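Taking it in order: structure first as structure tokens, then the write-up.
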Amino acid sequence: MSSGSARNRLSEASSPYLLQHADNPVHWQEWGDEAFARARAEDKPVFLSIGYSTCHWCHVMAHESFENDELAALLNEHFVPIKLDREERPDIDRVYMTFVQATTGHGGWPMSVWLTPDRLPFYGGTYFPPSDRQGRPGFGTILRALARVWREDRARVLSQGEHSFGVLRHYAGRSTESAAGEELDGGAIEQAFGVFWESFDETHGGFGGAPKFPRPAVAQFLLRVHDAAHRQGNAEMRDAARKLAETTLRRMIAGGIHDHLGGGFHRYSVDAFWHIPHFEKMLYDQGQIVCNLVEAWQVSRDRVFEEAIRDTLAYVRRDLSSPDGAFYAAEDADSLRPGGDGHEHGEGAFYVWTAGEIRGVLGSETAELFAAAYGVEERGNAPEGSDPLGEFVDLNTLIVRHDAAALSERFGRSVDDVRATLAEARARLFAVREKRPRPHRDEKIVAAWNGLMISAFARAGAALGDVALVAAAVRAAAFVRDRMWNPDTKVLLRSRTGERTGSAGFAEDYACVVQAALDLYEATLEIRWLQWAEQVQRAMDDRFGDESGGGYFSSSGEDPSVLVRMKEDHDGAEPAPSSLAALNLLRLGRMLHDDALLVRAERTLRAFAGSWKQTPQAMPAMLSALIDRLQPPRQIVLAGAPTDERFVALLAVVRERFLPGAVLLAADGSEGQAWLAERAPWLRGMGLVDGKPAAYVCEDFACQLPVTEPDALRERLASGLR
């Protein structure tokens, strides 16, 4: 193929991110054999640009460099440019992110990597300014330098590529070695807790300084430490772990990272105060944070957690739900500035307010109360150092400064009156905000993230007794099962955008969907969801399981264009697939009385022991699985018809409690119990007691005498399981 036939080929892509670049003067290609064949035929290196559709700095680099005719001409002349959506192809992103992090010490998006025609990376970074700036080489300078090195010092480039390939193979190999002899003990749990304790921000919550990211796996771990310490009689660790988790969640809820008008949480805070966020909203954050909030509510019964659960799920149902019930991927950080010329975008433009705008909507008296409650200031409320580019001068990001009790005392009004006035004010401001230009919404449906969101709706609906939330989980799960899962081939799709489908799914997709199906079974007690969980887990084992070293590869190994097959050993914004799989395998193994699943869970834990023993704070979700493994297995079996009011009363007692590691089963006297009894024969004999629904509380597969009254079950759970 000659360079004369090259053109931008993204117009037929399935990815919303790639479609955003379809009109660039850059001759973008999609990842695939054709693009690399062209690179070999034209003897050019490849420029690989990786990002996603709601990424703020991706937009910045696109505007500055990829829409620039001069820079586009440089790219087109000297390189074969490829665009990749990290959300559609996390396997490829993970390989080259590992290279960038290893060579630069940091990573992020947009990611820019230069490759040989054989896909070997030789130079990389993240965002580059278009021209030299403050001693940092600009994108044009780098393009010219790399084109010159490719022409004049080819051997050096190829040598660097081979060296990088060796580094990637070494990294991948570390997690494929067998760790069968590793001991499973609690030392790493205490060590990780110590790290989080030492880095905890007593004043603002969270860990370390700016920027601060929600990391739901940490709160999940801390609440499990709290529970385990409680059962072991370690009051000091129990209280400390709860403090770290709840304080962080409370500060996030009060902070500007929380959308106080429309609900939901932004991606992260640029400062240490949870105040000025990076304004994009990601589905995976909503799902995981809600699960944290549900557990915190079960522990504390504090209504602040329930309110945040409900407003986040209301946001997802309103703004991130497809007509078919599945959930969209994200909303952008950027949007058109209200009242502008229709062309000027700004980060957070949809969300921020001037003091005058708030007075204009609420009137002076209510605006004064609202300003005191949410920190509104005439010159804007961005803390010093939080707005280095001056984007939020005179603008306010709402953050809770005073609660209703403090405002009641200050303004001489009752607490109820203050709350009602603020609720009305929020509703009025929300209605005005809805008329502003909305941020771009990425309408890609990602299997993994839908799984996380289904779990959130299922767990919240069960805990709060809200059937509408459970119904939303069922509807989304039905979409994934019916339109993204092939029951014949046992292949799960990664994504759908309208009728366009992405690649086959990755380990994270399978793991998140298994978790969702397990949560949905416990929320509905419908056996079909447990049956589906088992099917998807078996498929995950077959496609991604490492039979020699234990654990799971992130990709299936079927695509030869992926340089190395890697395992993830870090629980970051999302849990690593193997961490989630370990949790799922323990649950499913205990539900089905399946020793093979429990052995696989142990092998997964052992496979990553080198990582979680050396740097345990890197794998808090895996350590949550370790906590579950080290505790005696616990089952709660409810016998009777799930529609019986007496059964429902017993079920409510179970759902009101935080019971990590315990599994819930229904002996319904029908199809569900028969299916379960084929796998766990001990369930066959569980039934009504004196004609009443009964609860059987079991630990280490030894069951206490059944109880039929809610108070007796509540006492049994308090004394026996906690």
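The values are calculated or read from the model by the stated rules, or taken from the named source; none is laboratory data. Note that the coordinates shown come from a computational prediction; the quantities given were computed from them, not determined experimentally. Don't worry about glycine lacking a Cβ; one is built from the backbone with ideal geometry, like all the others, and counts go over all protein chains shown. In case anyone asks, the SASA skips ligands and DNA or RNA and just uses the protein heavy atoms, side chains included. Shrake-Rupley method; radii C 1.70, N 1.55, O 1.52, S 1.80 Å.
If you go through the range 321-336 and keep only what is surrounded by 18 or more Cβ atoms within 10 Å (Cβ to Cβ) and either outside any loop (DSSP other than H, G, I, E, B) or touching an Asp or Glu at 6+ places or on another chain (Cβ under 7 Å) (or both), you end up with 327, 328, 329, 330, 331, 332, 333, 334, 335, 336.
Only residues that are hydrophobic (A, V, I, L, M, F, W, C) and more than 27 Å from the chain's Cα centre (by Cα): list them for the range 52-104, please. Hits for the range 52-104 are 66, 71, 72, 73, 74, 75, 79, 80.
Screening 471, 511, 523, 478 for residues that are closer than 24 Å to residue 554 by Cα, of a type in the set (A, V, I, L, M) and assigned to a helix (DSSP H, G or I) leaves exactly one candidate, 511. Without any contact (Cβ under 8 Å) to a residue 40 or more places away in the chain and touching a Gly at 6+ places or on another chain (Cβ under 7 Å): is that true of residue 401 in this structure? Criteria met by residue 401. When we screen 688, 713, 665, 650 for residues that are open to solvent by 50 Å² or more (accessible area, probe 1.4 Å), at pLDDT 95 or above and in contact with a strand residue (DSSP E or B) (Cβ under 8 Å, 6 or more places away or on another chain), the only hit is 688.
Name the single residue that is most open to solvent (accessible area, probe 1.4 Å) among those in the range 698-710 being modelled with pLDDT of 95 or more and not in a loop (DSSP other than H, G, I, E, B). Once the filter is applied, the top-ranked residue is 710. Of all residues in the range 123-165, those being of a type in the set (Phe, Trp, Tyr) and either farther than 29 Å from residue 564 by Cα or open to solvent by 20 Å² or more (accessible area, probe 1.4 Å) (or both) number 3. Every condition in (1) surrounded by fewer than 16 Cβ atoms within 10 Å (Cβ to Cβ); (2) in contact with a Ser or Thr (Cβ under 8 Å, 6 or more places away or on another chain) is met by residue 381 except one, and the failing one is (1). Residues satisfying the criterion are present in the range 342-355 (criterion: at pLDDT 95 or above and outside any loop (DSSP other than H, G, I, E, B)). For the range 393-416, a residue qualifies if it is open to solvent by 40 Å² or more (accessible area, probe 1.4 Å) and over 17 Å from residue 364 (Cα atoms), and the qualifying residues are 393, 394, 400, 401, 402, 403, 405, 406, 409, 414, 415, 416. Of the listed requirements (1) within 21 Å of residue 701 (Cβ to Cβ); (2) open to solvent by less than 10 Å² (accessible area, probe 1.4 Å), residue 628 misses just one: (2). Tell me, please, whether a residue that is among the acidic types (Asp, Glu) and under 26 Å from residue 108 (Cβ atoms) can be found in the range 3-19. No, there is no match, as no residue in the range 3-19 is among the acidic types (Asp, Glu) and under 26 Å from residue 108 (Cβ atoms).
Going residue by residue through the range 487-501, is there one that turns out to be part of a loop (DSSP other than H, G, I, E, B), of a type outside the set (Val, Ile, Thr), over 28 Å from residue 558 (Cα atoms) and in contact with a helix residue (DSSP H, G or I) (Cβ under 9 Å, 6 or more places away or on another chain)? No, there is no match, as no residue in the range 487-501 is part of a loop (DSSP other than H, G, I, E, B), of a type outside the set (Val, Ile, Thr), over 28 Å from residue 558 (Cα atoms) and in contact with a helix residue (DSSP H, G or I) (Cβ under 9 Å, 6 or more places away or on another chain).
Using the structure shown, decide if residue 561 is outside any helix (DSSP H, G or I), among the polar types (S, T, N, Q) and either within 25 Å of residue 218 (Cβ to Cβ) or in contact with a Cys (Cβ under 7 Å, 6 or more places away or on another chain) (or both). No; evaluated as a whole, the condition is false for this residue. Annotation note: Cβ proximity below 8 Å between a residue of the range 93-109 that is on the phi < 0 side of the Ramachandran plot and a residue that is of a type in the set (Ser, Thr, Tyr) and part of a loop (DSSP other than H, G, I, E, B) (sequence gap 6+ or interchain) occurs for 94/554; 100/126; 104/126; 106/126; 107/126; 109/52; 109/126. In the range 543-555, what count of residues is obtained for those that are open to solvent by 30 Å² or more (accessible area, probe 1.4 Å) and either free of Cβ contacts under 8 Å to residues at least 60 places away in the same chain or assigned to a helix (DSSP H, G or I) (or both)? Matching residues across the range 543-555 total 2.
Selection of the range 507-529 for residues being over 23 Å from the mean Cα position of the chain (by Cα) and in contact (Cβ under 8 Å) with a residue 40 or more places away in the chain yields 524, 525, 526, 527.
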